[in-house]
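The block underneath contains the structure these notes are about, expressed in structure tokens.
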Amino acid sequence: MTFYKTFLLIGVLLFSSIAVRAGDIIEAKVEHIDKQYFITLEAVINADSHRIYQLLTDYENLNKLSDSIEESNLIYSLSEKDHRVQVKTEACVTFFCRTINQVQDVEELPNMVIVTTSLPDKSDVDYAHARWKVTAEEGLTRINFNSDLKPSFWIPPLIGPVLIERTLRNEALSVINGLERLAQQR
């Protein structure tokens, strides 16, 4: 689900093997183990892979990907491929909403891979790590997203994880649809 909060909260899904109209979800699941969430997403989007990668690395405009991303800022860049980014996301589970702040170190690796690590002392997570892989595939784009995160805030033990998983699933679908929509707007 984090932006990589949207990958904190995207990063993020419960179902497996389901197709949606805009982006085809090949695999999507969220596992909850000992207060930590493990997210796997594979989707195919009808858009150019370079455009998708450009949207994922437009750190000042990540809020265009999903309504839940309230704000995203490039704090600074150490190089052309190493950045510090802040993302504020509103996460709502039933009637309870919370703004989640994440400050992340983002590394853009070769072959359109993006790796993020949240800084716990500056974020609302004890731990968050995510990896995006964008691949061109016969005029389409395959996105592989993996994340593991541990929120620093309390989640009710019995019903909380189920509701978080549902929220993460919906947020992931929102981001996939947002990527496809924005890529086609140009």
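Rule-based calculations on the coordinates, nothing more; no lab input. What you see is a predicted model; the values in this text were computed from it and never measured. Positions of Cβ are backbone-derived with ideal geometry, glycine not excepted, and every protein chain shown enters the neighbour counts.
Bridging of K35 to lysines at a Cα separation below 16 Å is possible for K150, once same-chain residues fewer than 8 apart are set aside. For trypsin sites (Lys or Arg not before Pro), the sites in the stretch 77-114 that DSSP calls loop and that have at most 15 other Cβ atoms within 10 Å are K81.
May I ask for the net charge around R98, where only other residues with Cβ less than 9 Å from the Cβ of R98 are counted and Lys, Arg are +1 while Asp, Glu are -1? Walk me through the numbers on the way to the answer.
On the way: positive: none; negative: E90, D124.
Counting the neighbours of R98, the net charge comes to -2.
Of the chymotrypsin sites (Phe, Trp or Tyr not before Pro) found in the stretch 28-108, the ones in coil according to DSSP and having at most 13 other Cβ atoms within 10 Å of their Cβ are F95.
Just to confirm the filter: which GluC sites (Glu not before Pro) across the stretch 88-175 are DSSP coil and have at most 10 other Cβ within 10 angstrom of their Cβ? Numbers along the way, then the final one.
Working: sites: E90, E107, E108, E137, E138, E165, E171; in loops: E138.
Passing sites in the stretch 88-175 are E138.
Measuring between their Cα centroids, the stretch 28-105 and the stretch 117-186 lie 6 Å from each other. Seen from P120, the other residues with C-beta closer than 11 Å to its C-beta sum to a net charge of -1, counting Lys and Arg as +1 and Asp and Glu as -1. Straight-line cross-link partners of K81 among the lysines, defined as a Cα under 19 Å from its Cα and at least 8 positions apart when in the same chain: K133.
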